[in-house]
Every structure is written in C-alpha cells, then in structure tokens.
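Read the structure below first, then the notes.
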Amino acid sequence: MLLPCCYLSPISHYSAFFHADEVRLEVCDHFTKQTLRNRCWIDSPSGALALTIPVVKEEGKTPLRDIRISEHGNWRHRHWVALESSYRQSPFFEYYADDFAPFYEKKWTFLADFNEDLMSLITSLLDIQKPISRTSTYEGDAFNQLPEFTPKPYYQMFAQRHGFLPDLSIVDLLFNQGPEGVLWL
C-alpha cells in the first residue's frame with residue numbers, strides 16, 4: 001500500500017496501514033503547501049484545530065524527502081502546548097506523553113524523517129507491526145490511492161460541545177482510546 005508521508009496522519013491513513021500487508025511512504029512526490037504532509041487536525045475545546053509545521057521555502061518543485069523543517073515561530077513549543085491543552089484530561093494522554101514529548105524537544109532537519117519517525121512510534125504504540133519502506137521514485141498520488149474510510153465514532157473529549165469530529169489525527173484516537181484504538185481501525 002502506498003501512503004502519503006504526513007504529520008500525525010489522520011485515522012483513515014492508519015486504517016489503511018493496519019489493513020495493508022506492507023507500506024511504502026511516498027516521499028518523492030512534490031511538496032504541496034497546506035496539505036497533511038506538514039499539517040494535522042486535533043480536537044480542541046473550540047473544535048478542530050490545525051497544527052502546521054513551518055517549512056523552508058524551496059525554489060521550484062521539491063520532493064517531500066528534501067523539504068526542511070523551519071525553526072520559525074517556536075512551532076514545537078506551540079504544538080506541544082496545543083496537544084497538552086487539548087488532551088491532558090483525556091484517558092491516555094498522561095500514559096503516552098513521555099513518548100511524544102521528545103518529538104517536540106529534538107530538532108529534525110527533514111520533514112519526511114520527522115513524519116516517518118512519528119509514524120513508527122504510533123504504530124509501535126498501537127502494536128501494528130508491518131514493514132515500512134520509502135519510495136525511491138515517484139509512484140503516484142498516495143492521497144488518491146487511499147481506500148474508502150468510514151469512521152466509527154469513539155469517545156472524544158469535546159464531543160458534547162461540537163459533536164463527533166471524524167478522521168482527526170491518530171493522536172485523538174490514541175489519547176482517547178489508548179491501545180484499544182486499534183479496534184477502530
């Protein structure tokens with residue numbers, strides 16, 4: 001299965017990952033701004049909240065594997081505070097906080113490396129053991145190759161305020177359901 005290499009991918013991507021025999025991350029596609037490659041959506045008291053990793057602007061078309069993370073705007077601190085504020089009262093945030101904190105302390109140079117390392121952590125926490133490799137040439141639009149996904153509602157912290165928000169970042173499912181999150185995939 002070909003998957004896009006995204007920042008804290010949506011639940012639908014992990015569902016595809018879970019049902020695949022093997023996974024190849026598309027890192028040779030041209031980076032497009034304002035996509036899930038450097039943005040995720042989490043639940044917050046005011047509704048869905050986008051967290052975006054700033055990247056260094058490159059001239060022309062640049063493959064994702066060559067996109068560098070920018071240090072602009074103290075984004076690591078802002079993302080960690082947003083995750084903590086949104087999920088600190090969730091059933092499993094405290095259980096997983098020490099696993100995620102290093103991603104917001106250490107500096108990665110390339111966005112694809114950061115995303116892939118996060119994916120490896122999350123699949124490990126969900127006990128999903130599948131081989132992951134990277135593409136070495138462009139293999140197609142990985143977003144259009146994802147299978148249809150119908151989310152099954154699960155407990156969300158702020159559902160009483162704004163209803164169930166489907167297909168948020170996998171961290172929403174993980175922080176709210178813990179290791180049983182795999183049952184929703």
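The values are calculated or read from the model by the stated rules, or taken from the named source; none is laboratory data. Please read all numbers here as calculations on a predicted model, not as lab measurements. Positions of Cβ are backbone-derived with ideal geometry, glycine not excepted, and every protein chain shown enters the neighbour counts.
Worth pointing out:
- Restricting segment 31-49 to residues that are part of a loop (DSSP other than H, G, I, E, B) and of a type outside the set (D, E, K, R), the residue that is surrounded by the most Cβ atoms within 10 Å (Cβ to Cβ) is ASN38.
- Scan of segment 133-169 for residues that are buried (at least 18 other Cβ atoms within 10 Å of the Cβ) and more than 29 Å from GLY47 (Cβ to Cβ), ordered by number: THR135
- Number of the condition not met by GLY60 [criteria: (1) touching a Phe, Trp or Tyr at 6+ places or on another chain (Cβ under 9 Å); (2) in a loop (DSSP other than H, G, I, E, B)]: (1)
- Each residue in segment 85-118 was checked for being of a type outside the set (Phe, Trp, Tyr), exposed (fewer than 15 other Cβ atoms within 10 Å of the Cβ) and either over 16 Å from the mean Cα position of the chain (by Cα) or not in a helix (DSSP H, G or I) (or both), and 10 of them qualify.
- Exclusive hit being part of a loop (DSSP other than H, G, I, E, B), touching a Ser or Thr at 6+ places or on another chain (Cβ under 8 Å) and either of a type outside the set (A, V, I, L, M) or closer than 18 Å to GLN89 by Cβ (or both), set PHE175, PHE149, PHE164: PHE149
- Residue in segment 147-181 that is nearest to CYS6 (Cα to Cα), counting only those that are aliphatic (A, V, I, L, M) and under 15 Å from the mean Cα position of the chain (by Cα): ILE170
- Contacts under 8 angstrom Cβ, first residue in segment 34-48 being under 23 Å from PHE110 (Cα atoms) and touching a residue at least 60 places away in the same chain (Cβ under 8 Å), partner of a type in the set (Val, Ile, Thr) and crowded, with 18+ Cβ neighbours inside 10 Å, 6 or more apart: ARG37/ILE67; ASN38/ILE53; ASN38/VAL55; ASN38/ILE67; CYS40/VAL171; ILE42/VAL171
- Boolean, GLU139 is acidic (Asp, Glu), out of contact with any His (no Cβ under 7 Å at 6 or more places or on another chain), part of a loop (DSSP other than H, G, I, E, B) and at pLDDT 95 or above: yes
- Condition check for PHE18: crowded, with 18+ Cβ neighbours inside 10 Å, modelled with pLDDT of 95 or more, assigned to a helix (DSSP H, G or I) and not hydroxyl-bearing (Ser, Thr, Tyr): no
- Scanning segment 100-148 for residues that are closer than 21 Å to PHE18 by Cβ and among the hydroxyl-bearing types (Ser, Thr, Tyr) yields SER120, THR123, SER124, SER133, THR135.
- The set of residues in segment 73-84 being surrounded by fewer than 14 Cβ atoms within 10 Å (Cβ to Cβ) and closer than 26 Å to ARG134 by Cβ is empty.
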